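Enquirer: Here it is: the structure, laid out below.
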Amino acid sequence: MSEFSVVIVCKNEADVIAGTLQSLAGLTDDIVVYDNGSTDGTQQIIKQFDVRLHEGTWEGFGKTKNKAIRLAKHDWILSLDADEALDETLKQSLLSWTLPGEQTVFDIPFKNFLGNKYVKYGEWGGDHHIRLFNRNQVRWDEAPVHESLVLPADAVTKKLKGYVLHRTMGNMEDYITKMMHYALLNAEKYFRQGKKATWFKIRLSPGFTFFNYFILQRGFLDGHTGYVCAKMTAYYTFLKYARLRELSQQITVGSAQSAVRSSHSEQTS
């Protein structure tokens, strides 16, 4: 078996977690699943597999993933989400994998699915992510959403053959719910970073997003599914910046009210 740990963070993934864990069978002697409050039977499914289940609190994507990888037996980490299974080619690549230098990271191609439809173009086409790394050299940033890996300056990126099969959303209801949730979270992230929702970003960015993914990146070749993906990402973009503007306005109004109260207090003292 390969000398790395698989680490998965999950919550309410009863519909996909079994397929992911089945794809990992025989791959490593250490699979860690960090569950942060599932209520749909996810934990009972996990217990049917030869994995280590940990239960803990949610602290945002970045912080929670860092907490989870510290639970691993090995320093080399294959980081997966609950809806990300391995195809057979990738599994064989990992079974024949040998320990490299600690600065090496491995970029893995993804196949993304909406329901049972493999999305080949648009935003989801040609997708790939660094998912195999040494935790002594690499960590997740602490972003609450859209977290990224912090790599050493001398990192060496290598490729692995095969694909992660990412079954991101089972149906339109899941898709809409997740996109709205992530849009609101990302708006809060931008707000904390001091970013502004300009007129351009609110009114023009959604349309450009759709044009980019559906036309420039050939999402139209995926037919109706490509149209839906491009349209939903455009809506996500609008919702993110609309919420960011609302948050900024709340601060502006609050500051103005505070200034009025302070002025009034000075006048009456």
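Enquirer: Counting residues that are at pLDDT 95 or above, of a type in the set (S, T, N, Q) and assigned by TED's automatic domain parsing to the domain that holds Ala85, which helices (runs of 4 or more DSSP H) fully inside segment 8-72 reach at least 3?
Expert: Ranges flagged: 17-23, 42-46.
Enquirer: What residue, of Arg167, Arg139, is within 27 Å of Gln217 (Cβ to Cβ) and not hydrophobic (A, V, I, L, M, F, W, C)?
Expert: Result: Arg167 is the single residue among Arg167, Arg139 that is within 27 Å of Gln217 (Cβ to Cβ) and not hydrophobic (A, V, I, L, M, F, W, C).
Enquirer: Looking at the structure I just gave you, is Ala72 under 30 Å from Asp154 (Cβ atoms), among the small types (Gly, Ala, Ser) and in contact with a Ser or Thr (Cβ under 6 Å, 6 or more places away or on another chain)?
Expert: So Ala72 fits the description; yes.
Enquirer: Using the structure shown, decide if Gly62 is under 21 Å from Pro144 (Cα atoms) and in contact with a Phe, Trp or Tyr (Cβ under 6 Å, 6 or more places away or on another chain).
Expert: It is true that Gly62 is under 21 Å from Pro144 (Cα atoms) and in contact with a Phe, Trp or Tyr (Cβ under 6 Å, 6 or more places away or on another chain).
The values are calculated or read from the model by the stated rules, or taken from the named source; none is laboratory data. Bear in mind the structure is a predicted one, so any value in this text is a computation, not a measurement. Here the Cβ is made from the backbone with ideal geometry for all residues, glycine too, and neighbour counts use every protein chain on show.
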